Amino acid sequence: MTYLAKPKLHHPSLPKNRLGFTRRDYEGKVSTLCAGCGHDSISAALIEAFFELAIEPHKVAKLSGIGCSSKTPDYFLGQSHGFNTVHGRMPSVLTGANLANRDLVYLGVSGDGDSASIGLGQFAHVMRRGVNMLYILENNGVYGLTKGQFSATADAGSKAKRGAINKDAAIVTVSLALLMGATYVARSFSGDKKQLVPLIKAGLAHSGAAFIDVISPCVAFNNHAGSTKSYEYIREHNEAVNRLDFWPNREAINIDYSEGSVIEVPQHDGSIMKLRKTHPEYDPTDRINAMTNIQQHAAKGEVLTGLLYLNPESEDLHAHLNTFPTAFNMLGAKELCPGSGMLEKINAALR
Ligand SMILES: Cc1ncc(C[n+]2csc(CCOP(=O)(O)OP(=O)(O)O)c2C)c(N)n1
Ligand code: SF4
Ligand SMILES: [Mg+2]
């Protein structure tokens, strides 16, 4: 573990984004995770995505639960708002924050223990309610922080470091998210930054609950032969259905594609997603097809990755509830406390 502070001075020639920020402005504290932990690569992908999208750090709220994965928001976006909640409770705290202030970009970071065990109910509800957020699940198949017990996402038949075989069926979080009505569902691998960064960027632009399950090997407790979440296993069994290219609305698109190989999906905010199909038959806008494909490939021992499902017509919780469009912190006392006359009216309407 290291508590060395990062140097504050930056080299003057570091590349800057549209806002004049360098990548260093999107970093956080020095990581205290084990060297080689997949979670650190996800933090690096998040830094890259926020830098490239030129999102103002103070407009971001990052929330997490408990676990090595949930510690990571300390290691990126050091100038953003942060809330390390109770174990498994990130979704409800994030929902409350989002309802009070919709003007921030919401990032939820969680682990497989945090989301698929103690927080399973919270995970299901935040997906079905369409809370406008990017939910990143850093999935290593174990409770890393508490020394490597199998988590609920460990595959049946996979082997623990000390040789025990997991007998329980795994919770497949992408399938559950689809079942719960999530409108953006992707799976990726911490060791594939080229796939992960555009998925993060598109997830941030999505209106509603965007979910990315990122297989993120735990080098301390789940990276041995017999594990199905190790670097070696995922490199060998990774089957990408598509490759995503993402352009924010202000950028011109100037790449040529061969006809028929690409699906173009415009987003609410004017940004464009282009999906290069690596499986020509795969249609990411068909929820049932996505669910079937995930299971069919799993039966062959393959881990399907890429953008698995997208509903381009999605709406978020604010649209469902028809909420007032202004963030609470922008309202005055008069609007926040409209008086006893208004309360009387509301009560009368409920009688
Ligand atoms: C209410 C409560 N129960 C149990 C724990 C112990 N605990 C801490 S982290 C953790 C699991 C973390 O696993 P995961 O979310 O997969 O994160 P990882 O460390 O693998 O990244 C558990 C059970 C706790 N902190 N709080
Ligand atoms: S115990 Fe596992 S999950 Fe936790 S920091 Fe180490 S490698 Fe990462
Ligand atoms: Mg875990």
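For the range 313-324, give me each residue that is in a loop (DSSP other than H, G, I, E, B) and open to solvent by less than 40 Å² (accessible area, probe 1.4 Å).
Ser314, Asp316
Taking Gly96 as the residue in question, decide whether it is away from ligand 2 (no atom under 16 Å from the Cβ), more than 30 Å from Lys6 (Cα to Cα) and without any contact (Cβ under 8 Å) to a residue 24 or more places away in the chain. Don't jump to the end; show me each part of the working.
Values: away from ligand 2 (no atom under 16 Å from the Cβ): yes; more than 30 Å from Lys6 (Cα to Cα): yes; without any contact (Cβ under 8 Å) to a residue 24 or more places away in the chain: yes.
Taking the combined requirement at face value, the residue satisfies it.
In the range 47-83, what residues are farther than 18 Å from Leu14 by Cβ, out of contact with any Lys or Arg (no Cβ under 7 Å at 6 or more places or on another chain) and in a helix (DSSP H, G or I)?
His58, Lys59, Cys68, Ser69, Ser70, Lys71, Thr72
Out of all the residues in the range 105-142, which are of a type in the set (Ser, Thr, Tyr) and over 17 Å from Lys229 (Cα atoms)?
Tyr106, Ser117, Tyr135
Can you give me the number of residues within the range 105-118 that are surrounded by 23 or more Cβ atoms within 10 Å (Cβ to Cβ) and either near ligand 1 (Cβ under 7 Å from one of its atoms) or outside any strand (DSSP E or B) (or both)?
Count: 7.
Name, by its number, the condition in (1) within 16 Å of ligand 2 (Cβ to nearest atom); (2) over 23 Å from Leu145 (Cα atoms) that does not hold for Ser41.
Failing condition for Ser41: (2).
Being more than 16 Å from ligand 3 (Cβ to nearest atom) and assigned to a loop (DSSP other than H, G, I, E, B) is the filter here; which residues of the range 33-46 pass it?
Ala35
Every residue in the range 172-196 that is within 17 Å of Leu310 (Cβ to Cβ) and either in contact with a Pro (Cβ under 6 Å, 6 or more places away or on another chain) or open to solvent by 60 Å² or more (accessible area, probe 1.4 Å) (or both), please.
The one that is within 17 Å of Leu310 (Cβ to Cβ) and either in contact with a Pro (Cβ under 6 Å, 6 or more places away or on another chain) or open to solvent by 60 Å² or more (accessible area, probe 1.4 Å) (or both): Leu179.
Among the residues of the range 161-171, is there at least one that is at pLDDT below 95 and either within 16 Å of ligand 1 (Cβ to nearest atom) or buried (at least 24 other Cβ atoms within 10 Å of the Cβ) (or both)?
No, because not a single residue in the range 161-171 is at pLDDT below 95 and either within 16 Å of ligand 1 (Cβ to nearest atom) or buried (at least 24 other Cβ atoms within 10 Å of the Cβ) (or both).
Taking the options Ser207, Ser227, name whichever one is within 13 Å of ligand 2 (Cβ to nearest atom), in a loop (DSSP other than H, G, I, E, B) and small (Gly, Ala, Ser). Quick ask: steps written out before the conclusion?
Details: Ser207 fails: within 13 Å of ligand 2 (Cβ to nearest atom).
Just a single option satisfies the conditions, and that option is Ser227.
Take the residues in the range 142-155 that are touching a residue at least 60 places away in the same chain (Cβ under 8 Å) and within 7 Å of ligand 3 (Cβ to nearest atom); name whichever of them is most open to solvent (accessible area, probe 1.4 Å).
Result: Tyr143.
Determine, yes or no, whether Ala49 is closer than 15 Å to Arg23 by Cβ, away from ligand 2 (no atom under 16 Å from the Cβ) and surrounded by 21 or more Cβ atoms within 10 Å (Cβ to Cβ).
For Ala49, the condition - closer than 15 Å to Arg23 by Cβ, away from ligand 2 (no atom under 16 Å from the Cβ) and surrounded by 21 or more Cβ atoms within 10 Å (Cβ to Cβ) - is met.
Being at pLDDT 95 or above, within 16 Å of ligand 1 (Cβ to nearest atom) and open to solvent by 60 Å² or more (accessible area, probe 1.4 Å) is the requirement here; does Tyr75 meet it?
no
Name the single residue that is farthest from ligand 2 (Cβ to nearest atom) among those in the range 114-151 being within 23 Å of Leu94 (Cα to Cα) and over 18 Å from the mean Cα position of the chain (by Cα).
Ile118
In the range 326-335, is there at least one residue being within 26 Å of the chain's Cα centre (by Cα) and either of a type in the set (S, T, N, Q) or loosely packed, with under 10 Cβ neighbours inside 10 Å (or both)?
yes
Out of Gly82, Gly65, Gly96, report the one residue that is in contact with an Asp or Glu (Cβ under 9 Å, 6 or more places away or on another chain), modelled with pLDDT of 95 or more, surrounded by fewer than 22 Cβ atoms within 10 Å (Cβ to Cβ) and at negative phi.
Gly82
Here is a list of conditions, (1) out of contact with any strand residue (DSSP E or B) (no Cβ under 8 Å at 6 or more places or on another chain); (2) without any contact (Cβ under 8 Å) to a residue 60 or more places away in the chain; (3) in a loop (DSSP other than H, G, I, E, B); (4) surrounded by fewer than 18 Cβ atoms within 10 Å (Cβ to Cβ), and Gly121 meets all of them except one; can you say which number that is?
In the conditions (1) out of contact with any strand residue (DSSP E or B) (no Cβ under 8 Å at 6 or more places or on another chain); (2) without any contact (Cβ under 8 Å) to a residue 60 or more places away in the chain; (3) in a loop (DSSP other than H, G, I, E, B); (4) surrounded by fewer than 18 Cβ atoms within 10 Å (Cβ to Cβ), Gly121 misses (3) alone.
The values are calculated or read from the model by the stated rules, or taken from the named source; none is laboratory data. All values reported here derive from a predicted model rather than from experimental measurement. Neighbour counts are summed over all protein chains in view; Cβ atoms, including those assigned to glycine, are modelled from backbone coordinates with ideal geometry. Surface areas here come from the heavy atoms of the whole protein model, side chains and all, with no ligands, DNA or RNA. Shrake-Rupley method; radii C 1.70, N 1.55, O 1.52, S 1.80 Å.
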